[in-house]
Amino acid sequence: MGIATATVSSGTDTEAFFGDNVTLTGGSLSIDATSTDNNFAKTNAGSGGAFAGAGAVAHTTNDSTTYAGIRGNPNATATG
């Protein structure tokens, strides 16, 4: 008897921000952040014979963050 296992983990941090020591003067401000994570885990289990047994387990985890915004104390004037 046997077992096949696969484990995949990922963690990403995606940030877009307007922060300290930055000056903006203009009509508008738009801050966007996009993140995409694709985890794939595949196992194959096979056996032959009258008393053989096999199993397969696939497991994925994702610990990611995405942030878009204003941090700190920027000098911003948007008039639009």
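Assuming R0 = 41 Å, can you tell me the calculated FRET efficiency for the pair Asp37 and Asn75, based on Cβ-Cβ distance, to the nearest 0.05?
0.75
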What percentage of the solvent-accessible surface of the chain, computed with a 1.4 Å probe over protein heavy atoms, is contributed by carbon and sulfur atoms?
-> 46
Averaged per residue, the 1.4 Å probe accessible area of the chain, protein heavy atoms only, in Å², is roughly 75
Can you tell which of Gly26, Gly11, Gly69 shows the greatest fluctuation in a Gaussian network model of the chain with Cα springs below 10 Å?
-> Gly26
Total charge dipole magnitude, the chain, about the Cα centre, Cβ charges on Lys, Arg, Asp, Glu only, Debye to nearest 20 | 260
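The values are calculated or read from the model by the stated rules, or taken from the named source; none is laboratory data. No experiment lies behind these values; they were computed from the predicted model shown. Every residue, glycine as well, gets a Cβ built from its backbone with ideal geometry; the counts of neighbours run over all protein chains shown. Just so you know, the surface numbers come from the protein's heavy atoms only, side chains and all, with ligands and any DNA or RNA stripped out. Shrake-Rupley method; radii C 1.70, N 1.55, O 1.52, S 1.80 Å.
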